[in-house]
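To start, the structure itself, in structure tokens.
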Amino acid sequence: MLPSDRQAHEILVGAVGLKKHFPVKGGVLRRTIAQVRAVDGVDLFVRRGETLALVGESGCGKTTLGRLLLRLIPPTSGEVLFNVPANLYASARDRWHRIAQDDGAMRSPKGPQGDGLDPYAITRLRTRAFKPLRRRMQPVFQDPFTSLDPRMLVKDILAEPILINNQMTRPEAMERVAQLLQEVGLRPDHLYRFPHEFSGGQRQRIAIARALAPEPEFLLLDEPTSALDVSVQAQILNLLKDIQRRQGLTYLLITHNLSVVRHMADRVAVMYLGRIVEEAPTRELFGSPLHPYTKALLSAVPVPDPKRRREKILLPGDVPSPVDPPTGCRFHTRCNAVMPHCGWSPRDAASAAAYLFDSSRNPHASTLPALSEVSMEGNRLRLLFGGSRPTEAQRQVVADLVRGRAAEAGGMAFQAIREVALAEGSIVLEFPPPLEPAWVEVAPGHSVACYLYPQPQA
Ligand SMILES: Nc1ncnc2c1ncn2[C@@H]1O[C@H](COP(=O)(O)OP(=O)(O)OP(=O)(O)O)[C@@H](O)[C@H]1O
Ligand code: SF4
Ligand SMILES: [Mg+2]
């Protein structure tokens with residue numbers, strides 16, 4: 001038990017600066033050659049008794065974030081707090097970000113010590129000390145078939161977590177099992193069956209009963225109904241709602257289905273490439289989404305009112321790789337409202353530059369010498385021309401080509417270039433340092449990370 005447990009605090013689960021980077025191994029020696037930045041600096045809180053929905057495209061890090069919150073996997077850095085007062089959570093978040101800015105990186109997985117978080121930080125507990133807490137945070141995953149042991153009878157599947165966690169005798173535990181089964185809408189005769197003898201919906205009911213068995217306070221619902229028939233989905237969702245009302249549970253609901261979000265959630269957090277980009281109460285998010293990514297996601301949801309038609313926004317391209325996410329605003333490569341200061345970098349212009357400044361391929365570059373190399377150095381793109389030192393006149397030609405490309409459709413990366421200079425025998429195109437938009441609270445409880453909204457003064 002955490003020392004903080006004498007009191008029920010407003011925030012049941014909170015994350016500050018949470019990161020999870022998975023190593024990518026390669027080569028004969030299986031060395032780490034890169035990192036998948038699955039979760040890359042997330043702050044998130046779930047209030048006691050509420051349902052927070054977490055949405056975002058496949059691969060953006062939702063499941064990894066859920067697993068981190070339950071301490072099923074250790075974080076690379078950042079903290080997970082349990083049962084924490086709201087003011088302490090807010091100050092922990094501010095302090096964490098000050099440190100991140102000062103150091104340029106989080107210092108250690110343990111975070112700054114002596115910060116008053118010890119009584120709440122489950123990420124600081126040793127495995128033994130965390131054990132009694134584990135029962136209070138339970139997961140329900142998408143596919144109940146793989147998460148239920150096929151060789152065990154339902155009664156044993158449900159009795160196991162009770163016997164492990166409680167001091168109950170076996171008859172007492174069996175009484176509790178019968179009660180659990182009733183709670184999830186199954187019959188007593190179901191106790192003596194194996195998981196494969198049930199339908200998908202019934203199996204998910206068993207998985208929910210098993211999650212409830214150790215009397216948790218927090219449930220991680222990771223796509224709990226997406227493997228089920230549409231007709232059964234509503235039953236399971238209503239069951240989850242009923243259970244929440246009866247037992248005062250707190251949910252983190254991960255789903256692709258935005259209609260499910262509207263039906264179930266009090267608040268929504270929108271995730272893109274390992275980051276939260278917008279967070280708002282459900283009605284507000286659906287009524288006035290702010291982030292261009294959220295707008296695109298919501299544009300796919302049917303609007304109940306036929307007079308209010310919504311244009312479907314198609315996002316170009318796939319989600320970029322989390323191994324090397326775009327600089328600045330991570331959404332800038334796909335955003336339909338993108339601006340020159342949204343985080344463009346040499347990477348975004350390099351392949352176009354290889355054509356644009358090549359006299360053998362582009363007739364408008366015919367006065368330039370042969371282009372021999374395009375290379376990237378930090379926020380500079382360097383153009384090398386076959387052995388000869390470029391002249392001021394050639395620099396001017398390059399600057400004109402940059403201006404021309406910037407004016408064309410899809411030329412935003414070139415609009416971002418702030419200087420074309422002669423340097424060390426080459427021509428250098430300089431981009432601004434790629435800064436990420438700040439997390440700004442635009443209305444009470446409605447926050448967004450996007451340059452379209454006023455940024456705090458530096
Ligand atoms: N154990 C792991 N090792 C390496 N990479 C991983 C691991 N788990 C997840 N990833 C990677 O981390 C990223 C995020 O994965 P995650 O499963 O959290 O996404 P998700 O948002 O839940 O996707 P989906 O909606 O498809 O379930 C992906 O690129 C995934 O390939
Ligand atoms: S900061 Fe906003 S406008 Fe700019 S790319 Fe990102 S989402 Fe689009
Ligand atoms: Mg997932």
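Nothing in this text is a laboratory measurement; each read-out follows from the coordinates by a stated rule. Keep in mind it's a predicted model, so treat the numbers as computed, not measured. In this analysis, Cβ positions are derived from the backbone assuming ideal geometry, glycine residues included, and neighbour counts consider all displayed protein chains.
Which of the peptides 422-435, 279-292 is most tightly packed, and how do the rest follow, judged by the mean count of other Cβ atoms within 10 Å per residue?
Working: 422-435: 17.0, 279-292: 19.5.
By packing density, highest mean first, the sequence is 279-292, 422-435.
Could you work out how much longer the chain between Arg361 and Glu197 gets when fully extended? Use 0.36 nm per residue separation minus the Cα distance between them, nm to one decimal.
Full-extension gain reported as 52.4 nm.
Pairing the Cα long axis of helix 346-356 with the longest principal axis of the chain, what angle in degrees results, from 0 to 90 and rounded to the nearest 10?
The answer is roughly 40 degrees.
Tell me, what is the percent relative contact order of segment 146-214, built from C-alpha pairs under 8 Å that lie six or more residues apart?
47 percent.
With a Förster radius of 30 Å, plug the Cβ-Cβ distance of Ala300 and Arg187 into 1/(1 + (r/R0)^6) and report the FRET value to the nearest 0.05.
0.15
Arranged from highest to lowest average of other beta-carbon atoms within 10 Å per residue, in what order do the peptides 327-334, 440-447 appear?
In decreasing order of mean packing, 327-334, 440-447 become 327-334, 440-447.
Between the helical axis of 200-212 and the dominant principal axis of the chain, each derived from Cα atoms, what acute angle in degrees is found, rounded to the nearest 10?
Taking Cα atoms only, the helix is inclined about 80 degrees.
Taking R0 as 56 Å, what's the FRET efficiency between Ala407 and Arg128 from their Cβ-Cβ distance, rounded to 0.05?
So, using R0 = 56 Å, E works out to roughly 0.30.
Quick one: length gained pulling Ala354 to Ile313 fully straight, 0.36 nm per residue minus the C-alpha distance?
Stretched fully, the Ala354-Ile313 segment lengthens by 11.7 nm.
What residues have an amide H closer than 5 Å to that of Val39, excluding those fewer than 5 places away on the same chain, when H is modeled at 1.01 Å from N in the peptide plane?
Lys20
Can you pick out the pairs among Lys25/Lys131; Lys19/Lys131; Lys62/Lys241; Lys25/Lys62 whose Cα atoms lie more than 25 Å from each other?
Numbers: Lys25/Lys131 31 Å; Lys19/Lys131 22 Å; Lys62/Lys241 21 Å; Lys25/Lys62 23 Å.
In this structure, Lys25/Lys131 lie more than 25 Å apart at Cα.
For the pair Met376/Leu153, report the inter-label distance in nm, with labels modelled 7 Å from Cα in the Cβ direction.
Distance between label points: 6.1 nm.
By how many nm would the segment from Val442 to Glu419 grow when fully extended, if each residue of separation counts as 0.36 nm and the alpha-carbon distance is taken off?
4.9 nm
Aspartates and glutamates within cross-link reach of Lys155: Cα-Cα under 15 Å, excluding same-chain residues under 8 positions apart?
Qualifying aspartates and glutamates at Cα under 15 Å: Glu172, Glu175, Glu183, Asp189, Glu197.
Go through 14-25, 187-198 and give me the packing order, highest mean Cβ count within 10 Å leading.
Details: 14-25: 20.4, 187-198: 13.6.
Final packing ranking: 14-25, 187-198.
Determine by what factor the alpha-carbon radius of gyration of the chain differs from 2.2 N^0.38 Å, reporting the quotient.
Normalised by 2.2 N^0.38 Å, the Cα Rg of the chain equals 1.17.
List the residues of segment 204-221 whose backbone N lies under 18 Å from a point placed 7 Å from the Cα of Asp229 along the Cα-to-Cβ direction.
Those under the cut-off are 204-206.
With r as the distance between the Cβ atoms of Ala393 and Phe145 and R0 = 45 Å, compute the FRET efficiency 1/(1 + (r/R0)^6) and round to 0.05.
Numbers: r = 70 Å, r/R0 = 1.56.
It comes to 0.05.
Once you place label points 7 Å from the Cα toward the Cβ at Val323 and Asn238, how far apart are they in nm?
According to this spin-label approximation, the distance is 4.7 nm.
Using θ = phi - 60° and the Karplus curve 6.51 cos²θ - 1.76 cosθ + 1.60, what whole-Hz ³J(HN,Hα) does each residue of segment 386-391 get, with Gly and Pro shown as x?
x, x, 9, 7, x, 9
Skipping prolines and chain starts, which residues have an amide H placed within reach, meaning under 5 Å, of the one on Ser426, given they are 5 or more residues away or on another chain?
Hits under the 5 Å cutoff: none.
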